Amino acid sequence: MPPVLPTPELLARYETDGFLVLPDVLSPVECATLKAGIERVFATHCPEADLYHMQDIWRPKLFEHGPEFEALVDHPGIAQLMTAILGEDYHLIANSALRTTPGKTITFWHVDDIVRFPRPAGVPLDPRIPMPTQVVNVNYYLEDVDDELGPTEFIPGSHRAGRNPGPTDNDAAGNPVYEGRGRVLATGRAGTCVLWNDQTWHRGGPNVSNGRTRWVIQTPYARRFIAQRFYPFINYRLPEHVIARANPVRKRILGLHAIGAYG
C-alpha cells in the first residue's frame, strides 16, 4: 500500500476534527498475518490482563510476540505522520490488541487518560490557538468494521473542549455534541487506520453484530516527556531479540532515546 503522506491538507483536517480515518494503510496480507498473530496471542493466558480484569478482551506489549507486530511500531507513513504531529523525538507508549465480541466494549464517552489542557467553563479558546497534541492513539482495523461491529466514534472538534463530556452535552439520543457537531462513526474496511488526539471525545461503539468479533491493534504514540506504559513500568526491559531486530528509528520509537533534556 502507498504510504500515508502528512500533507498540509491532512494535518489541517486532523487539527480541525481531532481525528483521522485513513483507508488501506495495511494490505490484506498484513491484516491476515496480524489477525492470525493476535489470535495466537489470545490463545494463551496473560497474567497482566488479570490485573486489569481484561483477560477476555486485551493483550499488551504485542511487539514482544513477533516480527509482524514489531513492524507496526515504525509502519511507513504512520511514522512520518507521527513525526509531523508529535515532533522528531516521539515514542510508543503502548501496543495492545483488543478483542471485542458482541456486548463487550467501552461504550461511554471519554478522553484518554486525563484532561491535559483544562479550560474553565465559559472561557472560550481563541480559534487562532491550535490545540497541542501530546498523545495520538492509533487503531488498526483487521477486518471490515461496519456500524454493527462497533466502530470507534468521535465528536469532531471536541479535543478543544478542555474537559470530559458531561450529561449537559448530550443530544436527544444521549450522545455528546460539541459546538454543533455530533458523533461520527469511523467505519472502514480491513486495513483502515483510525487515529486521534487523545483529548478528542470518543468511545468504542457497541458490537451489536450477530456473533462477529472486532479485532483491533492499538499503537499509541506520545511526545518524549510522556511516560511509556509498559508494565511493570520503571522495571520493564525491552526483550533483547526485539532490540536486535530493530532499525535505528524503531529503537528510538521503542524508547531507546539519545541523551536529551534533563539527562
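The values are calculated or read from the model by the stated rules, or taken from the named source; none is laboratory data. Note that this is a predicted model, so its numbers are computed, not measured. Neighbour counts run over all protein chains shown; Cβ positions are idealised from the backbone, glycine included.
If only one of V73, V41, V21 is in contact with a Cys (Cβ under 9 Å, 6 or more places away or on another chain) and β-branched (V, I, T), which one is it? Can you show your working first?
Numbers: V73 fails: in contact with a Cys (Cβ under 9 Å, 6 or more places away or on another chain); V41 fails: in contact with a Cys (Cβ under 9 Å, 6 or more places away or on another chain).
Residue meeting the stated conditions: V21.
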For region 1-48, enumerate the residues that are over 23 Å from P151 (Cα atoms) and either hydroxyl-bearing (S, T, Y) or surrounded by 14 or more Cβ atoms within 10 Å (Cβ to Cβ) (or both).
P6, T7, T44, C46, E48
If you take just the helices (runs of 4 or more DSSP H) that sit entirely in region 1-77, which of them hold at least 3 residues that are within 22 Å of R99 (Cα to Cα) and of a type outside the set (D, E)?
28-42, 47-51, 67-73
Residues located in region 90-113, provided they are crowded, with 16+ Cβ neighbours inside 10 Å and in a strand (DSSP E or B):
H91, L92, S96, A97, L98, R99, T100
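Tell me, yes or no, whether region 144-154 has at least one residue that is in contact with a helix residue (DSSP H, G or I) (Cβ under 9 Å, 6 or more places away or on another chain), surrounded by 15 or more Cβ atoms within 10 Å (Cβ to Cβ) and not charged (D, E, K, R).
Applying the first criterion (in contact with a helix residue (DSSP H, G or I) (Cβ under 9 Å, 6 or more places away or on another chain)) to region 144-154 yields 154.
Applying the additional criterion that residues be surrounded by 15 or more Cβ atoms within 10 Å (Cβ to Cβ) yields 154.
Now narrow it down to the ones that are not charged (D, E, K, R): 154.
Yes: one or more hits.
Report yes if G103 is farther than 23 Å from R224 by Cβ, modelled with pLDDT under 95 and in contact with a Pro (Cβ under 8 Å, 6 or more places away or on another chain), otherwise no.
Numbers: farther than 23 Å from R224 by Cβ: yes; modelled with pLDDT under 95: yes; in contact with a Pro (Cβ under 8 Å, 6 or more places away or on another chain): yes.
It is true that G103 is farther than 23 Å from R224 by Cβ, modelled with pLDDT under 95 and in contact with a Pro (Cβ under 8 Å, 6 or more places away or on another chain).
Could you list, in sequence order, the residues of region 134-161 that are part of a loop (DSSP other than H, G, I, E, B) and farther than 22 Å from I93 by Cβ?
Listed by number, the residues that qualify are E143, D144, D146, G150, P151, I155, P156, G157, A161.
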